[in-house]
1. What length, rounded to one decimal in nm, is gained on full extension from R190 through to V60, with 0.36 nm per residue of separation minus their alpha-carbon distance?
2. Per 0.36 nm of contour for each residue apart, how much would the distance between A209 and Q35 grow if the chain were fully extended, relative to their Cα-Cα spacing?
3. Determine the distance separating the Cα centre of the stretch 90-134 from the Cα centre of the stretch 197-219; give it in Å without decimals.
4. Lys and Arg at +1, Asp and Glu at -1: add these up for the other residues within a Cβ distance under 10 Å of T192 and post the number.
5. By how many nm would the segment from R178 to R126 grow when fully extended, if each residue of separation counts as 0.36 nm and the alpha-carbon distance is taken off?
6. What is the calculated FRET efficiency for V46 to A79, with r their C-beta to C-beta distance and R₀ = 41 Å, to the nearest 0.05?
7. In Å², and per residue, what accessible area does the stretch 91-173 have when probed at 1.4 Å with the other protein chains present?
8. Roughly how many percent of the accessible protein surface of the stretch 84-218 is carbon and sulfur, given a 1.4 Å probe and a whole-percent answer?
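The values are calculated or read from the model by the stated rules, or taken from the named source; none is laboratory data. Since the model is a prediction, treat every value here as computed from it, not as a measurement. Cβ placement follows ideal geometry from the backbone for every residue including glycine, while neighbour counts extend to all protein chains displayed. These area figures cover heavy atoms from the full protein model, side chains too; ligands, DNA and RNA do not enter into them. Shrake-Rupley method; radii C 1.70, N 1.55, O 1.52, S 1.80 Å.
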Amino acid sequence: MPHRFRAARALLVAAILAALPGTTAAQSGGTIEGQVELSPRAARRVASSYPGAAGGTHVVGSVPAVAFLVGRIAGTPPASPQRPRLSQQDTSFHPALLVVPTGARVEFPNGDPFFHNVFSYSPVKRFDLGRYPRGESRTVTFDRPGVAKVYCEIHQWMRAAVVVVENPYHALVGADGRFRIAGVPAGRYRLTVWDVDRGERTVDVVVPASGTARVRLRL
């Protein structure tokens, strides 16, 4: 086959691949696969301090662990949910962990037939939204990267976290301690794994242009 025909066919194949659904730049690059050894933690229970506020004792809400790359990565602005929100429903936060880009405005709607008071004392973002009833919402802008732990002053077993990131590379850690972050540009990064009860750990990871970088750590 003449060289010009081989070159034309190669260009045609490349164009077809680029047009296929799901074939994006985000899917190129390397992958980070991690295994986190999570130290055992017994479930904690707390009693309600307010009469009528779903009395009795309650198991403190669980929050998934999360792995994310630290800092800005050129050419990869972090993706944001269309309307990031942390709802209060059935005396729980939904979702228990929300990942948003720096500068995101997060809504905190109350879907329960009683008052909630959402607050955070985390250095990343300190706020107290006061008490508000069902059908009302409050909004907080998260303008610094990091993790903000979120609580309800009325229902002490309610808790969640807002993870504020500067790039789109993050993943929840499964119950088996595994996580996978795909489509990462080649380079050296700082990877943080955070858990609400076990704290966090940050390690260096080198991601190849293609292939997999494997990480093992303990929390």
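1. 43.7 nm
2. On the way: separation 174, 0.36 × 174 = 62.64 nm, distance 2.12 nm.
This chain segment gains 60.5 nm when fully extended.
3. For the stretch 90-134 versus the stretch 197-219, the Cα centre distance is 30 Å.
4. Values: positive: R190, R201; negative: E200.
Combined, the nearby Lys, Arg, Asp and Glu give +1.
5. Details: separation 52, 0.36 × 52 = 18.72 nm, distance 3.11 nm.
That works out to 15.6 nm of additional length.
6. Working: r = 35 Å, r/R0 = 0.86.
About 0.70, to the nearest 0.05.
7. 41
8. Carbon plus sulfur share of accessible area: 47 percent.
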